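The following block contains the structure, expressed as structure tokens.
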Amino acid sequence: FTVTDANGCAATTEITLTQPTAVTATATVSTSIACFGGQGSVSVVGTGGTAPYQVTGQTTGLTAGTYSFTVTDANGCAATTEITLTQPTAVTATATVSTSIACFSGTGSVNVVGTGGTAPYQVTGQTTGLVAGTYSFTVTDANGCAATTEITLTQPTAVTATATVSTSIACFSGTGSVNVVGTGGTAPYQVTGQTTGLVAGTYSFTVTDANGCAAITEITLTQPTAVTATATVSTSIACFGGQGSVSVVGTGGTAPYQVTGQTTGLTAGTYSFTVTDANGCAATTEITLTQPTAVTATATVSTSIACFGGQGS
């Protein structure tokens, strides 16, 4: 600059104008969002210009999104910055049956898997040796974010074994058969034990289902008593060459009884009779009919007739 007075005398001077550096605003994430739907915070710093600085914009309690901040220095000079807060995906927990319960009152196991969030994951809850029921599991990620899932373990009904007599034992020392049926559990079923050609007695059978679950049943096969035939003389033979009769009675087995053989008008001799019960079981008996010897008459002269016309005895 030149300054000149009224007489034309002049002087010159110089001056230099300076300026502050440009105000800059820098935003950084101070607290990341740890969980989906959570909150974080940012730090906004001003540089350049003339301190101190004033920050415009909320910096804490921020959900995921993009935020703009203004830094103003002591001279009112301003700069703007943006930052985007991100969040992890939501943690999800999934439970699946890894080992089904094979038998009633048995145990199974589940597999619990975490996805989303920040690996690795920690599972809370027992996953093995589980009886039938509903179970809840919590999956927690590396940031402490958690998700819960439920699963229900089911079990088959109990295997039952039922034995019934399919063919009764008709005669003493005969044989019969049984029918063994499985229910419940998981079909098909396998029966262990002989079911035919069975003599009287108690038998045990095992029914095993498709999962190896088993039930035991018992059944007792009974038999009738042995059929017996008894023959007695009801009418003796009175005279030599005469006739008599017998009575044949059946006992044991299953009444009524049928007698085979003629029981009346019998001469002396040995006779065989068969008694058959209602089931066709039979017994045989013999009886001998005896007779008295034949009656004989003998006459002798005890007193001869001595004279003609006389008498004797």
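The values are calculated or read from the model by the stated rules, or taken from the named source; none is laboratory data. Since the model is a prediction, treat every value here as computed from it, not as a measurement. Positions of Cβ are generated from backbone atoms using ideal geometry, with glycine treated the same way; all protein chains shown enter the neighbour counts.
Could you give me the residue pairs with C-beta distances under 6 Å whose first residue belongs to the range 109-121 and is closer than 13 Å to residue 147 by Cα, whose second residue is assigned to a strand (DSSP E or B) and aromatic (Phe, Trp, Tyr) wherever it lies, and which are 6+ apart or on separate chains?
Pairs that qualify, where the first residue is closer than 13 Å to residue 147 by Cα and the partner is assigned to a strand (DSSP E or B) and aromatic (Phe, Trp, Tyr), are 112/137.
Continuing with this model, one more query. Please enumerate the residues belonging to the range 9-46 that are closer than 30 Å to residue 141 by Cα and either of a type in the set (Val, Ile, Thr) or modelled with pLDDT under 95 (or both). Quick ask: steps written out before the conclusion?
First, pick out the residues of the range 9-46 that are closer than 30 Å to residue 141 by Cα: 27-44.
Those that are closer than 30 Å to residue 141 by Cα and either of a type in the set (Val, Ile, Thr) or modelled with pLDDT under 95 (or both): 28, 29, 31, 33, 42, 44.
Another question, then. Out of 65, 61, 49, I need the residue that is surrounded by 18 or more Cβ atoms within 10 Å (Cβ to Cβ), at pLDDT 95 or above and not basic (Lys, Arg). Which one? Break it down stepwise before answering.
Numbers: 65 fails: surrounded by 18 or more Cβ atoms within 10 Å (Cβ to Cβ); 61 fails: surrounded by 18 or more Cβ atoms within 10 Å (Cβ to Cβ).
None of the others qualify; the one that does is 49.
Turning to a different aspect of this structure: Across the range 84-116, what is the number of residues that are surrounded by 14 or more Cβ atoms within 10 Å (Cβ to Cβ), small (Gly, Ala, Ser) and either assigned to a strand (DSSP E or B) or at pLDDT below 95 (or both)?
5
Still on this structure, please answer the following. Taking the range 128-183 only, how many residues are within 30 Å of residue 97 (Cβ to Cβ) and in a loop (DSSP other than H, G, I, E, B)?
Number satisfying all stated conditions: 15.
Turning to a different aspect of this structure: Any residue in the range 1-21 that is part of a loop (DSSP other than H, G, I, E, B) sitting within a Cβ distance under 9 Å of a residue that is among the acidic types (Asp, Glu)? List the pairs, counting only those 6 or more apart or interchain.
From the range 1-21, the pairs are 1/14; 20/73.
Out of 208, 232, report the one residue that is β-branched (Val, Ile, Thr) and exposed (fewer than 14 other Cβ atoms within 10 Å of the Cβ). Outline the logic, then answer.
Values: 208 fails: exposed (fewer than 14 other Cβ atoms within 10 Å of the Cβ).
Sole residue among the options that is β-branched (Val, Ile, Thr) and exposed (fewer than 14 other Cβ atoms within 10 Å of the Cβ): 232.
Find all pairs meeting these conditions: Cβ atoms under 6 angstrom apart; at least six residues apart or on different chains; first residue within the range 184-200 and at positive phi; second residue assigned to a loop (DSSP other than H, G, I, E, B).
Going by the 6 Å Cβ cut-off, the qualifying pairs are 184/157; 184/158; 184/159; 185/156; 185/159; 185/209; 185/213; 197/175.
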